[in-house]
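The structure appears right after this line, and notes come after that.
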Amino acid sequence: MLTRRIIFLAALVFLASNTLAYAQNFRGSKPELSLGPPQNRLTTGETLNYSVEWLGIPVGSVVFKVEGIEEIKGHRCYHLSVRTFPNKFFKKFYDVEYRLSSYLEVDSSRSRQYIKYRRLGNKFLKTVIDLDQDKKMAISTFFVPKDKLQIEDCFLKDINWVYQGSYQAKIPVNISDLVSCLYSFRLANIQGGGSYKANIFYSLMVWHIEMKLSKPFIKDIHKKGSFCVFSLFPYSRLAHWILGKHELRAYFTCDSKRLPILMEFKTNIGPFRAILKDLPRKYAGI
């Protein structure tokens, strides 16, 4: 009987010691997540197509694209475009559509021009913002269509727009618009767990933003897979101004492309999320 007890205790000690060893080895083999250096240039033709959901219901789409490189007032700039539009379901509640063009200087990552076309129901507006980084001045010019437009015609280039007025505002150096700020961030040499500061010109005002960055981690997206990402949480009154709430969080891949694969934000009418349709496969299944 005593011999059996000794054998049983010895077996327990053996199992416990080996279990601890295996646990230590497992912890030691766990891959270390890190944030790689960013890419040096944006890729012409890169298209990021997002499905937008409200309370889990698909309500529209957002498409970002690097159209190419153009010259804006003597500066070589990336032409960045964004299109947002609701689906048939959400049009019944909020029929608004945007087409944006942002021009980001290739060599300095400074925003030079921002053009916004907005359709709200049957009302149309065009806004052109020239950001003179040298004179530290933003000039906003507003236009409305000369003739009555059909919804499908509102973004055509050959529309006759009528000047409605302009506004000038002083700006700090290296200011961005909403679109160029995203791409400048993707090109920035940042560190996980740190912060990123930016100045954004929006709604005739300068907004100071500090973005808190998490360290890299694995995020599971339902039915999409697992991805090595870091999150960005911008703290600014601008988020409250646009969304009605401060809560906005974006998730970027940890590779050099810094792809924003998921954006979550809360508004006065409930939570929204925008998820990248063509997720990068090489990050799935980690």
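Please treat every number below as a calculation from the coordinates, not as lab data. Note that the coordinates shown come from a computational prediction; the quantities given were computed from them, not determined experimentally. FYI the Cβ positions are ideal-geometry reconstructions off the backbone, even for glycines, and counts take in every protein chain you see.
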Checklist entry - Among Phe90, Phe64, which is the only one that is in contact (Cβ under 8 Å) with a residue 12 or more places away in the chain, aromatic (Phe, Trp, Tyr) and farther than 19 Å from Leu178 by Cβ? => result Phe90
Next on the checklist: Checking the conditions here, which among Phe142, Phe124, Phe93 is among the aromatic types (Phe, Trp, Tyr) and assigned to a loop (DSSP other than H, G, I, E, B)?
Outcome noted: Phe93
Checklist entry - Among the residues of region 102-121, which ones are in contact (Cβ under 8 Å) with a residue 60 or more places away in the chain and assigned to a strand (DSSP E or B)? => result Ser102, Tyr103, Leu104, Ser111, Tyr114
Next on the checklist: Contact list please: Cβ distance under 7 Å, first residue in region 188-214 and at positive phi, second residue among the hydroxyl-bearing types (Ser, Thr, Tyr), pairs at least six apart or on different chains.
Outcome noted: Gly193/Ser214; Leu204/Ser140; Leu204/Tyr167
